[in-house]
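The values are calculated or read from the model by the stated rules, or taken from the named source; none is laboratory data. This structure is a prediction, so every number in the text was calculated from the model and none was measured. In this analysis, Cβ positions are derived from the backbone assuming ideal geometry, glycine residues included, and neighbour counts consider all displayed protein chains.
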């Protein structure tokens, strides 16, 4: 009897050990799928062949949030297709982590930059125009430029267009677009705060520049901050506290509304922007929409593509 009880006890302990070891993996899996990012089948990955001799490759960092991907990056790609019907518009992401996640979760294959360039070369593309959806001339833009240089011999001509914020006119247009998009909140009692990504590159200065443009335009209730650089959320909170605000509206200053917008900005964790402002006593509303959802931003990318084509001596209809 004692021997039987010992065997039963040993078996129970083994079961407990197995369950304990499996728990983290199960929890991780459950946590990963504990949110709905939308229907991936509604988005076009633009990774087909039969491209033709003229390709317009749209390069983005990417996002695993299906709805946001379709409404932002997809909207920019559609605007370019409409503006340049004689060109084949294709997609590439720079984040391999996002590419792998979308493939594993949704079974959707999105090309990375190398794959997209190989596809173009194998399809006989002669003229390749690349339009990045980056906000600025940061590290990613430089990396893309260097990668394109490695394929210089694969095409007759490669043209790289500018990111969203390049000229003074670009800044003015984007500033006007984000103000118009949030005009309903500008009642004097609400601080409208935009959350950018931030970078260690010198181009991080675009956020301070945008703040200056908004202030000089009389948009005194608008504030710009970043997740990973300066101004930080603490800096933005300090500026908001200097005013007499009752409410705070948060919106991403990013092309897509992905992980940063949904978690770092609008999440329920104590260190999210939403939680930080609520803890400071403000009513908080989060507008989880990327810049790519603004028609003015899509039009600006079209204009950058048009300018790049013209500068390279390409015929633009």
Select from segment 61-78 the residues that are out of contact with any helix residue (DSSP H, G or I) (no Cβ under 6 Å at 6 or more places or on another chain), in a helix (DSSP H, G or I) and more than 15 Å from residue 132 (Cβ to Cβ) and list them in ascending order.
67, 68, 69, 74, 78
Output the number of the condition that residue 124 fails; it satisfies all remaining conditions of (1) touching a residue at least 60 places away in the same chain (Cβ under 8 Å); (2) on the phi < 0 side of the Ramachandran plot.
(2)
Looking for something in contact with a helix residue (DSSP H, G or I) (Cβ under 6 Å, 6 or more places away or on another chain), over 23 Å from residue 288 (Cβ atoms) and modelled with pLDDT of 95 or more - is there at least one such residue anywhere in segment 200-213?
yes
When residues of segment 79-104 are limited to those that are touching a residue at least 60 places away in the same chain (Cβ under 8 Å) and in contact with a helix residue (DSSP H, G or I) (Cβ under 8 Å, 6 or more places away or on another chain), the one surrounded by the most Cβ atoms within 10 Å (Cβ to Cβ)
102
Could you check segment 139-164 and list, in sequence order, the residues that are assigned to a loop (DSSP other than H, G, I, E, B), surrounded by fewer than 21 Cβ atoms within 10 Å (Cβ to Cβ) and touching a residue at least 24 places away in the same chain (Cβ under 8 Å)?
151, 155, 156
Wholly enclosed helices (runs of 4 or more DSSP H) of segment 176-292 bearing at least 3 residues under 26 Å from residue 36 (Cβ atoms) and either in contact (Cβ under 8 Å) with a residue 12 or more places away in the chain or in the same structural domain as residue 135 (by TED's automatic domain parsing) (or both)
273-279
If we keep only residues of segment 207-240 that are surrounded by 13 or more Cβ atoms within 10 Å (Cβ to Cβ) and under 16 Å from residue 275 (Cβ atoms), then the residue nearest to the chain's Cα centre (by Cα) is 227
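Do you know which residues across segment 241-263 are over 17 Å from residue 283 (Cβ atoms) and buried (at least 20 other Cβ atoms within 10 Å of the Cβ)?
Taking segment 241-263 first, the residues over 17 Å from residue 283 (Cβ atoms) are 242, 252-263.
Hits for segment 241-263 are 252, 253, 254, 255, 256, 257, 258, 260, 261.
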